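The values are calculated or read from the model by the stated rules, or taken from the named source; none is laboratory data. Remember, it's a predicted structure, so these values are computed and weren't measured experimentally. Cβ atoms come from the backbone with ideal geometry, glycine included; neighbour counts cover every protein chain shown. Calculation scope for accessible area: heavy atoms of the full protein, side chains included, ligands and nucleic acids excluded. Shrake-Rupley method; radii C 1.70, N 1.55, O 1.52, S 1.80 Å.
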Amino acid sequence: MNVTVFGATGVIGSLTVTEFLEHGHQVTAYARNPQKIPATWGDRVRVVIGEMSDQAAIDTAVAGADAVISALGPSMDRKATGLPLIAGTGHVLTAMKRHGVRRYIGHATPAVLDPREKPTPVTRLIAFMPRTFMRRAYDEITGMTAQIMNSGLDWTVVRFIAPKNTPKQPRLRVGFFGTDKLGFAVSRADIAAFTAAQIDDSTYIGRAPAISN
């Protein structure tokens, strides 16, 4: 498939690009900083440089894609201002609809509930902490995800709590709070692999599965 990855030079984003390349997919990587493009990509990845406010660049990146992946997440810098990823996600969704791209896979935390999920002590805690201490980041991730879930597209939102820089683990738990047994930590490599696997798996379309090791 032709896959466009936003946030492609972040840790999870770059791991996701690698997963796609290893499985023979064609990748377009959207990135803000050309200096962060890994040399290992060589000419195997089509790169589009732009900010999330650049509607024309986003449109160029999405054109011709079979699926769009967003590894974007809000900045944890307390000095950050504004909600650029909400507007940027809107530009991505608009471009997808313009070019007839249906499949969208994004990331969030359990601060965002799956549409069929009820709050649990864990989801309440995960929402309370950023809502209280990092309100801008909380507003951004919930605002991004609300747009995705209401887009009418074939979306999947992969949720996780505590990503770690560890190799893929022997076991990956996938499910929903209140019904399935889930932990907290998960390797970034497993997040990338699970995210990449969703492009040709319809199991979680219209759902927001949580994953952990």
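Please go through the range 181-201 and give me each residue that is more than 21 Å from residue 72 (Cβ to Cβ) and in contact (Cβ under 8 Å) with a residue 24 or more places away in the chain, ordered by number.
182, 183, 184, 185, 200
Any idea which residue in the range 118-133 is surrounded by the fewest Cβ atoms within 10 Å (Cβ to Cβ), counting only those that are out of contact with any helix residue (DSSP H, G or I) (no Cβ under 8 Å at 6 or more places or on another chain) and of a type in the set (D, E, K, R)? By that ranking, first place goes to 118.
Conditions (1) open to solvent by less than 10 Å² (accessible area, probe 1.4 Å); (2) over 19 Å from the mean Cα position of the chain (by Cα); (3) more than 26 Å from residue 211 (Cβ to Cβ), marked per residue:
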site	(1), (2), (3)
56	no, yes, yes
74	no, no, no
79	no, yes, yes
85	no, no, no
95	yes, no, yes
100	no, yes, yes
111	no, no, no
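Taking every residue in the range 134-157 that is assigned to a helix (DSSP H, G or I) and pairing it with any residue that is open to solvent by less than 40 Å² (accessible area, probe 1.4 Å) and aromatic (Phe, Trp, Tyr), at least 6 positions away or on another chain, the pairs with Cβ-Cβ distances below 6 Å are 148/155.
Can you confirm whether the range 187-203 contains a residue that is modelled with pLDDT under 95, under 25 Å from residue 4 (Cα atoms) and open to solvent by 40 Å² or more (accessible area, probe 1.4 Å)?
There is at least one residue in the range 187-203 that is modelled with pLDDT under 95, under 25 Å from residue 4 (Cα atoms) and open to solvent by 40 Å² or more (accessible area, probe 1.4 Å).
Considering only residues in the range 170-180 that are in contact (Cβ under 8 Å) with a residue 24 or more places away in the chain and farther than 17 Å from residue 116 by Cβ, the one that is most open to solvent (accessible area, probe 1.4 Å) turns out to be 171.
Between 9, 28, 4, the distinction of being more than 27 Å from residue 111 (Cα to Cα), surrounded by 18 or more Cβ atoms within 10 Å (Cβ to Cβ) and either of a type in the set (D, E, K, R) or touching a helix residue (DSSP H, G or I) at 6+ places or on another chain (Cβ under 6 Å) (or both) belongs to 28 only.
For the range 135-169, the set of residues classified as under 14 Å from residue 194 (Cα atoms), open to solvent by 50 Å² or more (accessible area, probe 1.4 Å) and not polar (S, T, N, Q) consists of 167, 168, listed by residue number. Within the range 35-49, is there a residue that is modelled with pLDDT of 95 or more and hydroxyl-bearing (Ser, Thr, Tyr)? Looking for residues that are modelled with pLDDT of 95 or more and hydroxyl-bearing (Ser, Thr, Tyr), one finds none in the range 35-49, hence no.
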